[in-house]
Amino acid sequence: MTFRYATRMDQVGPSIIREFARLTASPEIISFAGGLPAPELFPIEQLKEVAVRTLDKVGRLALQYSDTAGSPALRDKIAGRMRAMGVPATAESINILSGSQQGIEFAAKIFLDPGDVVVCERPTYLGAINAFHSYQAQFADVGLDDEGMIIDELVQVLETTAGCKLVYVVPDFQNPTGRTWSLERRQRFIEVANRYDLIVVEDHPYGALRYEGLPLPPIKALDTEERVLFLGTFSKIFCPGFRIGWITASQEVLAKFAVTKGNADLQTNSLAQAELNEFLDTYDLEAHIGKLRDLYRHRRDLMLDIMGRDLPSAVRFTRPLGGLFTWVELPDPADATELLSRAIARKVAFVPGTPFYARDARASTLRLNFSNTADDRMVEGMKVVIDVINRSLASPAGSVAGHPGGR
Ligand SMILES: Cc1ncc(COP(=O)(O)O)c(C=O)c1O
């Protein structure tokens, strides 16, 4: 049969995320491709106890349909986390979502008409690009430097692009670059968002995974006009398989999210919410996050040390203060997709940078994940990554000069 798809599907290609998940899954591949937490730190023994206790204590409730907005007890605990970040929140200012990805999708569905312009970082999270694309959005992107989004460029984009409605940002340890915005940039950004009346989606999956320096307030904490939709998640600080995230926003926006969620999946898994709530009652999540930080800081340092030692200075890479990724910029005209096929032939994977650009992709970039690979495999895999990069730079096509060196 020839299916006649909705026109919105014209913009939807095969899922690159799923393609890379396939690469990551094969045990013989050393993969720096995914954004996966370290499974050896999943609290499996604790969760066995928690599962039994949850069923004993609240089994009939936890296996029943439940409130679309989520478990009141869990929302209350999340509100506490939000207040600790400087956001005045109560259980009523939180709706539970099936992961923060669902929050991005719902924001697109709730706010975007075909042709509306989403402003985003260059590069940005490809799962967001795909979700906005599927609602027929157009994109305008704004460059990043070491301090975060370049605000003068943002203003220029807003002045010269008609239809800018929503801005999507990942200010803490961004996926894919690992970059973090300074406080000053956050303050200037919210001023501009207020001036141009933009809806802000602040995606914050990595905020708690800081390996050095002091925490910065999320943009939501600077929001005096209730224009920021803050998306949080337990995926990176607990277990992504639970699929529990949340949105903190105004009552008006939360009501739209609740209706949209009702239509999409009625509610997030009640049992998972009850188990997470029981886990948080019994165990110290901060101590768990502390263990993640120690392991990921170590893995980040190992990866960056290897790159600092073995890559030529024409190759730049970010030195993330937290999160899961470093971003590598090769001298143009290197093509990271071509390098990937050479690396795969040697059983090593990473993600080329191209899909992280909403427009005008730069093929000479790539993203490396450091959280999911143990030391010995990291050393072995990075040898291959560095070798394919060095060989490409040595080849005539890759030896074009003119890219500034340094890190
Ligand atoms: C920036 C960003 N936003 C959202 C998500 C989706 O996270 P969740 O598991 O909470 O849906 C990810 C996952 O990697 C991400 O990197």
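I'm told V167 meets every condition in (1) in contact (Cβ under 8 Å) with a residue 40 or more places away in the chain; (2) among the hydrophobic types (A, V, I, L, M, F, W, C); (3) assigned to a loop (DSSP other than H, G, I, E, B) except one. Can you identify the failing condition by its number?
(3)
Out of the residues in the range 263-298 that are without any contact (Cβ under 8 Å) to a residue 60 or more places away in the chain and more than 21 Å from the chain's Cα centre (by Cα), which is least open to solvent (accessible area, probe 1.4 Å)?
Filtering first and then ranking leaves A272.
Scan V12, V52 and give me the residue that is free of Cβ contacts under 8 Å to residues at least 12 places away in the same chain and either farther than 30 Å from D375 by Cβ or open to solvent by less than 70 Å² (accessible area, probe 1.4 Å) (or both).
Working: V12 fails: free of Cβ contacts under 8 Å to residues at least 12 places away in the same chain.
Just one listed residue meets the conditions, V52.
Anything in the range 86-105 that is in contact with a helix residue (DSSP H, G or I) (Cβ under 7 Å, 6 or more places away or on another chain), part of a helix (DSSP H, G or I) and either more than 8 Å from the ligand (Cβ to nearest atom) or not β-branched (V, I, T) (or both)? List them, or say none.
Step one: filter the range 86-105 for residues in contact with a helix residue (DSSP H, G or I) (Cβ under 7 Å, 6 or more places away or on another chain), giving 86-87, 89-91, 93-98, 101, 104-105.
Of the ones still in play, those that are also part of a helix (DSSP H, G or I) are 91, 93, 101, 104-105.
The answer is A91, S93, Q101, E105.
Filter the range 300-334 for residues that are in a loop (DSSP other than H, G, I, E, B) and surrounded by fewer than 17 Cβ atoms within 10 Å (Cβ to Cβ); which is modelled with the highest pLDDT? Explain how you work it out, then say what you get.
At the first step, the residues of the range 300-334 found to be in a loop (DSSP other than H, G, I, E, B) are 311-315, 318-321, 323-324, 330-334.
Subset that is surrounded by fewer than 17 Cβ atoms within 10 Å (Cβ to Cβ): 312-313, 319, 332-333.
On the way: P312: 94, S313: 94, R319: 97, D332: 91, P333: 92.
Taking the candidates together, the pick is R319.
Taking the residues in the range 341-355 that are open to solvent by less than 20 Å² (accessible area, probe 1.4 Å) and outside any loop (DSSP other than H, G, I, E, B) as candidates, determine which candidate is farthest from G207 (Cα to Cα). Spell out how you get there, then give the answer.
Taking the range 341-355 and keeping what is open to solvent by less than 20 Å² (accessible area, probe 1.4 Å), we get 343, 348-353.
Subset that is outside any loop (DSSP other than H, G, I, E, B): 343, 348-349, 351-352.
On the way: A343: 31, V348: 28, A349: 26, V351: 22, P352: 24 Å.
So the residue we want is A343.
Taking the range 126-156, which residues are under 25 Å from A258 (Cβ atoms) and within 12 Å of the ligand (Cβ to nearest atom)?
Those that are under 25 Å from A258 (Cβ atoms) and within 12 Å of the ligand (Cβ to nearest atom): G127, A128, N130, A131.
So F238 passes all but one of these: (1) part of a loop (DSSP other than H, G, I, E, B); (2) in contact with a strand residue (DSSP E or B) (Cβ under 7 Å, 6 or more places away or on another chain); (3) not basic (K, R). Which condition number does it fail?
(2)
Residues in the range 17-24: is at least one among the acidic types (D, E), modelled with pLDDT under 95 and open to solvent by 100 Å² or more (accessible area, probe 1.4 Å)? It would help to see each step written out before you state the result.
Applying the first criterion (among the acidic types (D, E)) to the range 17-24 yields 19.
Adding the requirement that they be modelled with pLDDT under 95 leaves 19.
Those left that are additionally open to solvent by 100 Å² or more (accessible area, probe 1.4 Å): none.
Among the residues of the range 17-24, not one is among the acidic types (D, E), modelled with pLDDT under 95 and open to solvent by 100 Å² or more (accessible area, probe 1.4 Å), which makes the answer no.
How many residues does the range 356-396 contain that are among the basic types (K, R) and buried (at least 19 other Cβ atoms within 10 Å of the Cβ)?
Residues flagged as among the basic types (K, R) and buried (at least 19 other Cβ atoms within 10 Å of the Cβ) within the range 356-396 amount to 1.
For the range 106-125, name all the residues that are closer than 23 Å to G143 by Cβ, within 16 Å of the ligand (Cβ to nearest atom) and open to solvent by 10 Å² or more (accessible area, probe 1.4 Å).
R122, Y125
Looking only at the range 221-261, which residues are open to solvent by 20 Å² or more (accessible area, probe 1.4 Å), more than 13 Å from the ligand (Cβ to nearest atom) and not aliphatic (A, V, I, L, M)?
Correct list: D223, T224, E225, E226, R227, Q251, E252, K256.
The values are calculated or read from the model by the stated rules, or taken from the named source; none is laboratory data. None of the values given here were measured: they were computed from a predicted structure. Ideal geometry is used to build each Cβ from the backbone, glycine not excepted, and the neighbour counts take in all protein chains shown. Accessible surface areas use protein heavy atoms only, side chains included; no ligands, DNA or RNA. Shrake-Rupley method; radii C 1.70, N 1.55, O 1.52, S 1.80 Å.
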